[in-house]
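The structure appears below as structure tokens.
The values are calculated or read from the model by the stated rules, or taken from the named source; none is laboratory data. This structure is a prediction, so every number in the text was calculated from the model and none was measured. Glycine gets a Cβ as well: all are built from the backbone with ideal geometry, and neighbour counts include every protein chain shown.
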Amino acid sequence: MKFLNRVALLLYNGWSIFWFVGIYLVLFPFIFVTIQRKSWHPIGHKLTQFWSYLLFFVIGKKIRVRREFEMNPIGTYVFVANHFSYLDIASGMGIFNNYFGFVGKSSVKKIPLIGYMFYKLHIMVDRSDKNSRSSSLNRGIKSLKAGKSVFIMPEGGIISKNIPQMAYPFKDGAFLMAIENKVPIVPITFLNNYKIMPGVKLNWGTPEVVIHAPISTENKTKGDIDSLKEEVFQIIQNTLDKTA
């Protein structure tokens, strides 16, 4: 039985890779055109969201989302999530309709085609380079001022040594951006992506996500960063603990 399960998983992974690449290749010419002008970027973003929706549907992993509030689809937010799996990025792209930019590692740009899209639509950061970190922070602040939300995983990568316990403490960037622009912080919990994709291979299961109620930064200052980080950390970690 274990052998048959391994064979089935191997075939399923091949099937998933085929659709991951195939759907993106079909959409990429349209994405490429729409990311050549900044005013067209929202269309390119919608196309990548469509890629995420379609991919998860075709591979039988339609994301289950529990929402604790009714999100304004044209609202501006700082989305803050835990990060234990490579599946988190694709999942994050397909859980709401807002226009946003991920803050992600600069190494993503090395991935053919996807890297180019990420470079044009999102915010890349080299965490080993202080100048890059400062530049990405400024880009995030400018994005929020322009009405474009920002999605950050403030652990600083998949670095936890004791999943599902998050790496502590969070990095400051997401909270600085939110306070600077007085936009709400929305905690997001990826409940089980680390079980479905603990490495580079998929297991059986359906991704589950919780979009928590927003935390206002209206009356916050930089002196409130540590308390905000702790509040968001506890919301996400307590949710993970209840479902681990």
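Some notes on this structure:
- Here segment 23-63 is the region considered, the condition is being farther than 24 Å from residue 148 by Cα and of a type in the set (D, E, K, R), and the residue that is surrounded by the most Cβ atoms within 10 Å (Cβ to Cβ) is 61.
- The residues in segment 212-225 that are in a helix (DSSP H, G or I) and in contact (Cβ under 8 Å) with a residue 12 or more places away in the chain can be counted, and the count is 3.
- Residue in segment 111-118 that is under 13 Å from the mean Cα position of the chain (by Cα) and in contact (Cβ under 8 Å) with a residue 40 or more places away in the chain present: no
- Which listed residue is under 19 Å from residue 188 (Cα atoms), touching a Phe, Trp or Tyr at 6+ places or on another chain (Cβ under 7 Å) and either surrounded by 13 or more Cβ atoms within 10 Å (Cβ to Cβ) or in contact (Cβ under 8 Å) with a residue 40 or more places away in the chain (or both), from 140, 94: 94
- Among residues of segment 17-36 that are closer than 19 Å to residue 120 by Cα and touching a residue at least 12 places away in the same chain (Cβ under 8 Å), those with a beta-carbon under 9 Å from a residue that is of a type in the set (S, T, N, Q) and part of a helix (DSSP H, G or I) at least six positions away or on a different chain give the pairs 24/48; 27/48; 31/48.
- The set of residues in segment 191-223 being in contact with a helix residue (DSSP H, G or I) (Cβ under 7 Å, 6 or more places away or on another chain) and charged (D, E, K, R) consists of 201, 220, 222.
- Of the residues screened, residue 188 is one that is closer than 22 Å to residue 76 by Cβ, touching a strand residue (DSSP E or B) at 6+ places or on another chain (Cβ under 6 Å), of a type in the set (A, V, I, L, M, F, W, C) and at pLDDT 95 or above.
- Any pair with Cβ under 7 angstrom, 6 or more apart, that starts in segment 151-164 at a residue that is within 25 Å of residue 214 (Cβ to Cβ) and ends at one that is of a type in the set (Ser, Thr, Tyr) and modelled with pLDDT of 95 or more: 164/194
- Residues (basic (Lys, Arg) and either modelled with pLDDT under 95 or buried (at least 17 other Cβ atoms within 10 Å of the Cβ) (or both)) located in segment 202-237: 220, 229
- The set of residues from segment 65-85 being surrounded by fewer than 13 Cβ atoms within 10 Å (Cβ to Cβ), touching a residue at least 60 places away in the same chain (Cβ under 8 Å) and not hydrophobic (A, V, I, L, M, F, W, C) comprises just one member, 66.
- None of 193, 219 is of a type outside the set (A, V, I, L, M, F, W, C) and closer than 16 Å to residue 63 by Cβ except 193.
- Scope segment 72-90; condition in contact with a strand residue (DSSP E or B) (Cβ under 6 Å, 6 or more places away or on another chain) and of a type in the set (Ser, Thr, Tyr); matching residues: 76, 77
- Residues that are part of a helix (DSSP H, G or I), small (Gly, Ala, Ser) and in contact (Cβ under 8 Å) with a residue 12 or more places away in the chain occur in segment 119-137; there is at least one.
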